[in-house]
Amino acid sequence: MITLTTALAVIEEVFRRFKESRIFLCRDVLLPDYIPEALPHREEQLRKLALILAPALRGSKPSNVIVYGPTGTGKTVCVLLVLRKLVEESRGGVISLYVNCRQYDTSYRVLTELCRQLGLHVPNSGLSTGEVLRRFSDGIEEYGKVAIVVLDEVDVLVKRSGDAVLYHLTRLNTSLSKGKVSIIGISNDLRFTELLDPRVRSSLGEETIVFPPYNYAELCDILRERARLAFKPGVVSDSVISLCAAIAAREHGDARKALDLLRVAGEIAEREGCEQVTEEHVKKALVQLERDRVSELLRGMPFHMKLVLLAIYVATKRYPLTVTTGDVYSTYCEVCSCIGVTPLTQRRVSDILAQLELLGLVEAKVVNLGRYGRTRRVKLIVGDEHLLKALEEEPQLRPLISSLRQSLSSGVTSAVVK
DNA sequence: CGTCCACAGGAATGACGGGCGG
DNA sequence: CCGCCCGTCATTCCTGTGGACG
């Protein structure tokens, strides 16, 4: 038992340490939603975007834009920065609406969110999508000026719910007399335009801005600049920055990842009571970030999707070379019978596999094996330990996983069930 | 050179829980 | 309360397909 006084002392100690951080000046600078004043190595993209959007200042409708590039290349932050300036400069002549399509991943949700940002009240359900679109359109017309709609991660929306919203949004202007709508679609994946109706494609892609991945040196620049603002002097050495940059450069030049690494490394250093962030801390941060990512993805995931993941894990132990959809499905059925659950159909599992690929937990390439059919070659792309740990959160799977661990450590890889 | 595997992945449909307007 | 519409998960039935095998 802890007495009340010592408990209070503990809390005070935590707060005191926090206030007198030896490590951070301002941790927020390293958070993903921080918008910096300067964006090194993105001058060209900023200029191009500003040029495209500038007509809004004279009240005409700017071209629609597709902003394209891998994760962590500064797409979102660039767009937000330019828009913030534009709205400021226009003195009320322009508004910007921002929707992340991963968060609002259906036509209906996107439209209601847009309405909400216009200040209209729209119920979360109960209305037809057409009705919500009409309300949005009325709202824009009433506003009577230029509205710039940012659809972040628009490829996710298109893959999940098709291009119907995009079609309607791009066509909105024909039915408006005073209001105007421009669309900025941000995407990780340029291939998504192939899924679009040709009319939507040409309308949305009037302009394209490409964001290439950052290279090692550019990442170093970015990190150095942020570290200067985030940390106390002398806390972060150049070698720590180089290490973060090198890891992120390896992973497709993802600046967000680099900043996350630096921040989490700093947090670990602080928790350990160190005065400096070391390369050890960065390595620990890498492990922690990966673990967090996996358990975050697994949390709230449908039960059978977890079963499929487990089946993939078991199947890769069994057939180390090539795991096909068929292998996964039969293993999955075994897993189901193990815990007394009726399995889903193969069709459904095929969809789940595709979703797992979209989530980045699994690589599932379609391959043709000639006589031996057409299938997916399935590969886990997360660490085994992270996966098992996260799966163990599910009480029903715990016994199965612990027996799996045992049989694995004793070298028996074939007998997993019964 | 045609066959035929082992699935991919589209379309239609339905069950279900939930929110809203009336 | 009802009737309507929503999103989600799942099933059923279906057509399509690249290339190794015979």
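The values are calculated or read from the model by the stated rules, or taken from the named source; none is laboratory data. Since the structure is predicted, the reported quantities are computational estimates derived from the model, not experimental observations. Because the Cβ atoms are built from the backbone with ideal geometry, glycine has one as well, and the counts that use them run over all protein chains shown.
Table for the structure above
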read-out: Of all residues in segment A:110-129 being touching a helix residue (DSSP H, G or I) at 6+ places or on another chain (Cβ under 9 Å) and part of a helix (DSSP H, G or I), the one that is nearest to DNA strand C (Cβ to nearest atom); value: A:Thr129
read-out: Tally, over segment A:97-125, of residues that are among the hydrophobic types (A, V, I, L, M, F, W, C) and within 16 Å of DNA strand B (Cβ to nearest atom); value: 4
read-out: Residue within segment A:367-376 that is more than 15 Å from DNA strand B (Cβ to nearest atom), surrounded by fewer than 20 Cβ atoms within 10 Å (Cβ to Cβ) and outside any strand (DSSP E or B) present; value: no
read-out: Failed item, numbered, when A:Leu83 is tested on (1) surrounded by fewer than 16 Cβ atoms within 10 Å (Cβ to Cβ); (2) modelled with pLDDT of 90 or more; value: (1)
read-out: For A:Glu363: the one exception among (1) within 14 Å of DNA strand B (Cβ to nearest atom); (2) closer than 20 Å to A:Gly300 by Cα; (3) among the acidic types (Asp, Glu); value: (2)
read-out: Count of segment A:138-158 residues which are surrounded by 20 or more Cβ atoms within 10 Å (Cβ to Cβ) and under 15 Å from A:Ile183 (Cα atoms); value: 13
read-out: Test result for A:Lys306, among the charged types (D, E, K, R), closer than 30 Å to A:Pro233 by Cα and more than 10 Å from DNA strand C (Cβ to nearest atom); value: no
read-out: Test: A:Arg374 is within 13 Å of DNA strand C (Cβ to nearest atom), within 26 Å of the chain's Cα centre (by Cα), at pLDDT 90 or above and not hydrophobic (A, V, I, L, M, F, W, C); value: no
read-out: Residue check, A:Lys317 farther than 23 Å from A:Gln355 by Cβ and modelled with pLDDT of 90 or more; value: no
read-out: Helices (runs of 4 or more DSSP H) (entirely within segment A:1-91) containing at least 1 residues that are within 30 Å of the chain's Cα centre (by Cα) and basic (Lys, Arg); value: A:43-53, A:75-90
read-out: Which numbered condition A:Val156 fails, given (1) under 28 Å from A:Arg47 (Cα atoms); (2) under 29 Å from the mean Cα position of the chain (by Cα); (3) more than 16 Å from DNA strand B (Cβ to nearest atom); (4) part of a helix (DSSP H, G or I); value: (3)
read-out: A:Leu297 vs. criteria surrounded by 16 or more Cβ atoms within 10 Å (Cβ to Cβ), modelled with pLDDT of 90 or more and assigned to a helix (DSSP H, G or I); value: no
read-out: Residue match in segment A:145-157 (condition: away from DNA strand C (no atom under 11 Å from the Cβ), among the small types (Gly, Ala, Ser) and either in contact with an Asp or Glu (Cβ under 6 Å, 6 or more places away or on another chain) or closer than 19 Å to A:Leu49 by Cβ (or both)); value: yes
read-out: Candidate set: segment A:377-403, residues that are surrounded by fewer than 16 Cβ atoms within 10 Å (Cβ to Cβ) and either among the aliphatic types (A, V, I, L, M) or more than 29 Å from the chain's Cα centre (by Cα) (or both); chosen: the one nearest to A:Glu357 (Cα to Cα); value: A:Ile381
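Each row is one residue, and each column tells you yes or no for (1) within 16 Å of A:Asp105 (Cα to Cα); (2) without any contact (Cβ under 8 Å) to a residue 12 or more places away in the chain; (3) hydrophobic (A, V, I, L, M, F, W, C).
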{"position": "A:Val132", "(1), (2), (3)": "yes, no, yes"}
{"position": "A:Arg135", "(1), (2), (3)": "no, no, no"}
{"position": "A:Ala164", "(1), (2), (3)": "yes, no, yes"}
{"position": "A:Asn173", "(1), (2), (3)": "no, no, no"}
{"position": "A:Val181", "(1), (2), (3)": "no, no, yes"}
{"position": "A:Val200", "(1), (2), (3)": "no, no, yes"}
{"position": "A:Glu207", "(1), (2), (3)": "no, no, no"}
